[in-house]
Amino acid sequence: MVWSTESRQSRGYGAAWTKVRAEVLARDMGMCQVCKAEGRVTAGREVDHIVSKAKAGQMGWTQEQIDDPKNLQTICHTHHLIKTATENGRTYRPKVQIGLDGWPVDGS
Ligand SMILES: [Zn+2]
């Protein structure tokens, strides 16, 4: 992987990110979009890159395309962990068991 030589603003989480993040959370009404796709309503407080930065970088996306609201979604903490682990080639095993009905099972 080639590390970017771009400025710290485009690499890090600067003011622009704070703004776009707020925009995405407002657009998604603070609901995890992955849960929503699975038919559940869960509050999300994190913003996730739909196409990961690493993958987008490999495909030659610009920083603007990567951080475009179209490539961002609101996500809950659990889904963020799962997604990040998957992107890193690992399997995240949630402590909470998901039942056949798609809802977490208590007491695990
Ligand atoms: Zn979720």
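Peptides 17-25, 48-56 ranked from most to least packed give 48-56, 17-25, packing being the mean of other C-beta atoms within 10 angstrom over each peptide's residues.
Averaged over residues, the count of other Cβ atoms within 10 Å places the peptides 33-43, 73-83 in the sequence 73-83, 33-43, highest first. The relative contact order of the stretch 11-105 comes to 27 percent, based on Cα pairs under 8 Å that sit 6 or more residues apart.
As a ratio to 2.2 N^0.38 Å, the alpha-carbon radius of gyration for the stretch 11-105 is 1.14.
Distance between the modelled labels on Leu100 and Arg40, one decimal in nanometres: 1.8 nm (7 Å Cα→Cβ projection).
Since every read-out is calculated from the coordinates, none of them should be taken as a lab result. Not measured: the values here are computed from a predicted model. Because the Cβ atoms are built from the backbone with ideal geometry, glycine has one as well, and the counts that use them run over all protein chains shown.
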